[in-house]
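Notes for the one structure printed next.
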Amino acid sequence: MLNIKIFLVAEVLILILALVLAVLRQLPGPVFFPIRLLAIGYTDLFRGIPTILLVYLFGFGIPTLQLAHVTNNPVYLGAAALVVVYTAYVSEVYRAGIESVHPSQEAAARSLGLTRGQTMRTVILPQAVRRVIPPLLNDFIGLQKDTALISVLGPVEAQQRATLGASSEFNYTPYVVAAFFFVLITVPQARLTDLLIERDRKRQMAGGRV
Amino acid sequence: MSTATAALVCTDVHKSFGKLEVLKGIDLSVDEHEVICLIGASGSGKSTLLRCINLLEPINRGSIRVAGEEITAPGVNVNQVRRGIGIVFQAFNLFPHMSVMGNVTLAPRKVMGLSRSQAEAEAVELLDRFGLADKRDEYPDRLSGGQQQRVAIVRALATHPQLMLLDEVTSALDPELVAEVLNVIRELAEGGMTMLIATHEMGFARDIARRVCFLDEGVLLEQGPPEQIFSSPREERTQQFLQRIIEAGRM
C-alpha cells in the first residue's frame, strides 16, 4: 500500500503549498510584483513539464548531485516531484475559486474594517475553497494514479507489482487487478465529496435545488 | 454649520474611472445627527461618492474629513477609519457561508478584538432590536430580501459607527419588503444616527431627510430642505429629474 502512503502525504503538502501559491499570485500592488512574477513562473514551468520527466529528473538526477542532507530514497524523491507538479495544477484551481468570489464580498468585508489578509482568510477563501472541491478531487484522483509513475524509480508499488506478475507468467490479469484497486480507492472519495457538497448546500440554501 | 462640529465634510472631491469623470468636485458637509438624502439619476455619482467616503475607492483630488479627521490624507489607517463608518449596499453583500450571527459578529471579533461571547451578546441585542432575534442561526440565502438587508444594516451597526452610508438599500427589494427596511432606517434616524442615504424612494426622502441633495453628472447641483427641493426646485435639471420620477409614478 505504498501508493496510499505516498498519496496521503503528498496530498496534504499540495493542498497547503498550492493555497500559498494561489494567494501569493493574488497579492495586489506594484510592491508584490516580483512575488507575483515568481508565482506565475512556477506555475508555467511545472505545469509545462511532463510529470514522468520530472519524476526521472528528481529520482535519478538529485542522487547524482550527491547533496548532503538530501535523501536518495526514490520514493521520497518521486513523491517530491509529484508535489511540485501538482502544486502548480492545484494552485490554478484555487485561483479560479478565489476569482469566482464576487468583488462585492471583498468590499463588504473591507468596509467593516477587516484587513486584506483577514478578508482573504475569513470571507474569500472559505467561499472559494467550497466552490472548487469537485475540481480539487479531480486533481487528487489524477495524483493517486500518477503515484504509479514512481515505479520507474524502482520501488515496488501496485503498478510495479502487476508488471512483475505479468512478465513472469505472461498473464495480464494483475494489470486488471491493479486497475481495479485504483478505481476502488477513488470512487468512495468521489461519493464522499458529493455528500459533503450536498450537505453544505442544504445548510446554506433555502428549499431544494432548482 | 461650522466645520468643527461636522460629522462629514467633503471638499472638492474628484473621482475618475479612466477617462470617465464620475465626481466633478463635490462639496458637501453633514452635521452630526443629520440625515441627508442623495437623489439623482443612475450614473450621477451617488454610489461612487458613498464608496469614496468609505475609502473603497481612492479619490483623485480634494479631501474628505470625518469627525474633523482627514481620512483621505496619506498614511491614514483605512481599517481604523472604516470601523467608524458603516455602509450598507444595494445588493446586501452578506457573507453566504456564515450564519446571521457569523455575519454580524465578524467585525467585532476580528477588528475590535471582542471575544466570541461578548460579540454574540452585543449581536443578540442588535438583532433583537431589529426583529431578527429568531434568525440568528439562519444562513443569508434562507432569508427574504428585506430580512437580508436588515441583517446587513445590523452588521454595519455592530462596529458602532458614528456615520452610516446607505447605498440604494431598497432598490433590490420587492415593493412589499421596502417598508420593513425603511422603518429600520427611520428608527436609526430617530436615534440620532448621522446618515447619508442614496435613494430612489422620493417619498421616503421627503419624509426622513433634513436636507436633500440632487446630484447630476457628478455635480452636486442643488441642495436644500426636502420641501423646497421637491416643490420648488431651482435648477432646470432638478425639475426635469423630478418630472420623470412623477411620470414613473414613484413619487
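What residue, of A:ILE40, A:ILE62, A:ILE6, A:ILE98, is touching a helix residue (DSSP H, G or I) at 6+ places or on another chain (Cβ under 8 Å), among the β-branched types (Val, Ile, Thr) and surrounded by fewer than 14 Cβ atoms within 10 Å (Cβ to Cβ)?
Values: A:ILE62 fails: surrounded by fewer than 14 Cβ atoms within 10 Å (Cβ to Cβ); A:ILE6 fails: surrounded by fewer than 14 Cβ atoms within 10 Å (Cβ to Cβ); A:ILE98 fails: surrounded by fewer than 14 Cβ atoms within 10 Å (Cβ to Cβ).
Every option except A:ILE40 fails the conditions.
Looking for something away from chain B (no Cβ under 14 Å) and without any contact (Cβ under 8 Å) to a residue 12 or more places away in the chain - is there at least one such residue anywhere in region A:113-129?
Kept after step one, since they are away from chain B (no Cβ under 14 Å), are these residues of region A:113-129: none.
Scanning region A:113-129, I find no residue that is away from chain B (no Cβ under 14 Å) and without any contact (Cβ under 8 Å) to a residue 12 or more places away in the chain, so the answer is no.
Would you confirm, using the coordinates I've provided, whether B:ASN93 is part of a helix (DSSP H, G or I), buried (at least 18 other Cβ atoms within 10 Å of the Cβ) and at pLDDT 95 or above? Even if it seems obvious, please write down each step before you answer.
On the way: part of a helix (DSSP H, G or I): no; buried (at least 18 other Cβ atoms within 10 Å of the Cβ): yes; at pLDDT 95 or above: yes.
Judged against the criteria, B:ASN93 is not a match.
Would you check if there is a residue in region A:47-66 being without any contact (Cβ under 8 Å) to a residue 60 or more places away in the chain and under 13 Å from the mean Cα position of the chain (by Cα)?
The answer is yes; a qualifying residue exists.
Starting from region B:183-194, keep only residues that are closer than 14 Å to B:LEU166 by Cα, then list their pairs with residues that are polar (S, T, N, Q) and part of a loop (DSSP other than H, G, I, E, B) whose Cβ atoms are within a distance under 9 Å, requiring at least 6 positions of separation or different chains.
B:ILE185/B:THR170; B:MET193/B:GLN162; B:THR194/B:GLN162
Of all residues in region B:24-76, which are within 14 Å of chain A (Cβ to nearest Cβ), of a type in the set (A, V, I, L, M) and more than 13 Å from B:LEU163 (Cβ to Cβ)? Spell out the reasoning first.
Taking region B:24-76 and keeping what is within 14 Å of chain A (Cβ to nearest Cβ), we get B:47-48, B:50-58, B:66, B:71, B:76.
From what is left, the residues that are of a type in the set (A, V, I, L, M) are B:50, B:53, B:55-56, B:66, B:71, B:76.
Passing the criteria: B:LEU56, B:VAL76.
Among what's in region B:100-119 and is surrounded by fewer than 20 Cβ atoms within 10 Å (Cβ to Cβ) and touching a Pro at 6+ places or on another chain (Cβ under 9 Å), pick the residue that is nearest to the other protein chains (Cβ to nearest Cβ).
Only one residue fits best here, namely B:LEU114.
Please work out which residue is surrounded by the fewest Cβ atoms within 10 Å (Cβ to Cβ), limiting yourself to region B:131-145 and to residues that are facing chain A (nearest Cβ under 10 Å) and touching a residue at least 40 places away in the same chain (Cβ under 8 Å). Let's see the steps before the verdict.
Initial filter on region B:131-145 (facing chain A (nearest Cβ under 10 Å)): B:138-144.
Narrowing further to those that are touching a residue at least 40 places away in the same chain (Cβ under 8 Å): B:139-141, B:143.
On the way: B:TYR139: 20, B:PRO140: 23, B:ASP141: 14, B:LEU143: 19.
For region B:131-145, the residue satisfying everything is B:ASP141.
The values are calculated or read from the model by the stated rules, or taken from the named source; none is laboratory data. Given the structure is predicted, the values throughout are model-derived calculations rather than measurements. Note: ideal-geometry Cβ built from the backbone for every residue, glycine included; neighbour counts use all protein chains shown.
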